[in-house]
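Structure record follows, encoded as structure tokens.
No value in this document is a laboratory result; all are computed from the given coordinates. No experiment lies behind these values; they were computed from the predicted model shown. Methodologically, a virtual Cβ is constructed for each residue, glycine included, from the backbone with ideal geometry; neighbour enumeration extends over all protein chains shown.
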Amino acid sequence: MHQYSWSDILFYAGIVLVGTLTLGWVWYTNASLSVAPPNAGLVPQISNLAPDPTPIFSDVDLRDPAFPAVMSLVRQGIIQGYQDQTFRPNAPTNRSEALKALLKSSPIESGDIFDSFQTYIAKEKDLPFVAFPDVKPTDWFAPYVFKGYTIGIISGNPTGEYEAYRPIMLSEFLKMLLVMERENIIADDAREIPFEQVPAHAWYTPYFVRAKEMGLLPLDEEDIVNPSAELTRGYMTRLLFKYMNLRHAQ
């Protein structure tokens with residue numbers, strides 16, 4: 001029988017120890033890559049587009065068509081649910097919620113949104129918001145309204161008010177999304193109108209034509225595209241999720 005010296009034993013023990021630590025490091029590294037922490041900023045991480053299969057809301061489960069979108073966008077910090085652990089996918093989305101989700105889904109940095117707003121506040125002090133008389137600097141949505149206004153994706157009603165809590169329609173949201181992303185929108189009367197409920201000469205028609213061309217709408221075979229429909233939280237989340245996937249696939 002071969003006799004091992006203490007130096008031999010220590011040598012082989014060292015190999016085992018190094019191998020164990022290496023495997024453990026690889027496992028930990030891979031785990032951290034596959035289970036990325038929620039994105040605290042506003043720049044979406046491509047790896048986070050894949051949804052976590054574990055439901056976190058009592059009213060959105062695996063059978064819900066919005067489930068993949070909800071799980072992915074929640075992980076990225078783009079949207080959130082309520083304190084009672086519900087998401088309320090069928091509840092209407094107001095203009096402020098929709099604007100915040102839009103900006104968070106874009107490559108715009110969170111620091112840019114809040115820093116530019118704080119610069120404005122420091123300059124204007126306690127004056128009302130310059131664009132809309134019904135938006136105060138202390139409103140939670142004021143930084144998003146300021147950013148949305150400065151990049152040209154929102155405007156007020158005929159009286160000049162923003163109407164932060166008014167439910168937003170699909171046509172309004174779609175225009176905001178495509179304008180923010182600088183999609184090529186062409187007003188062409190010769191183009192075929194892709195959806196039955198979209199008239200030929202409405203202000204929003206070119207946006208729906210573009211959405212059809214790029215495969216954004218309809219969301220699925222059962223989706224009846226209605227420009228005047230109030231946008232629900234579930235539909236908005238699915239629309240954003242689909243657009244983000246289309247953008248990353250380019």
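Listing for the model above:
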read-out	value
Phi-based couplings in Hz for the range 70-78 (Karplus 6.51, -1.76, 1.60; Gly and Pro marked x)	4, 4, 5, 6, 5, 4, 8, x, 7
Pairwise label distance in nanometres, Thr119 with Thr159, each label 7 Å out on the Cα-Cβ vector	3.4 nm
Karplus (6.51, -1.76, 1.60) ³J(HN,Hα), θ = phi - 60°, over the range 166-183, in Hz, Gly and Pro reported as x	6, x, 9, 8, 4, 4, 5, 5, 4, 4, 4, 4, 6, 5, 4, 8, 6, 5
Difference of contour (0.36 nm per residue) and Cα-Cα distance, Asn226 to Trp140	27.9 nm
Cross-link pairs Lys123/Lys242; Lys136/Lys175; Lys147/Lys212 - those with Cα-Cα distance over 32 Å	Lys123/Lys242
Environment charge at Ala98 (Cβ cut-off 14 Å; Lys +1, Arg +1, Asp -1, Glu -1)	+4
Charged-residue dipole, Cβ positions (Lys, Arg, Asp, Glu), the range 149-224 about Cα centre, Debye nearest 20	360 debye
Net charge over other residues, Cβ less than 15 angstrom from the Cβ of Glu222 (K, R count +1; D, E count -1)	-2
Other-chain or far-sequence residues with amide H under 5 Å of Thr232's (modelled H)	Thr93
Arg63 paired with Asp188, simple spin-label distance in nm, labels 7 Å along Cα-to-beta-carbon	4.4 nm
Formal net charge of residues neighbouring Arg210 (Cβ-Cβ distance under 11 Å; K, R +1; D, E -1)	-1
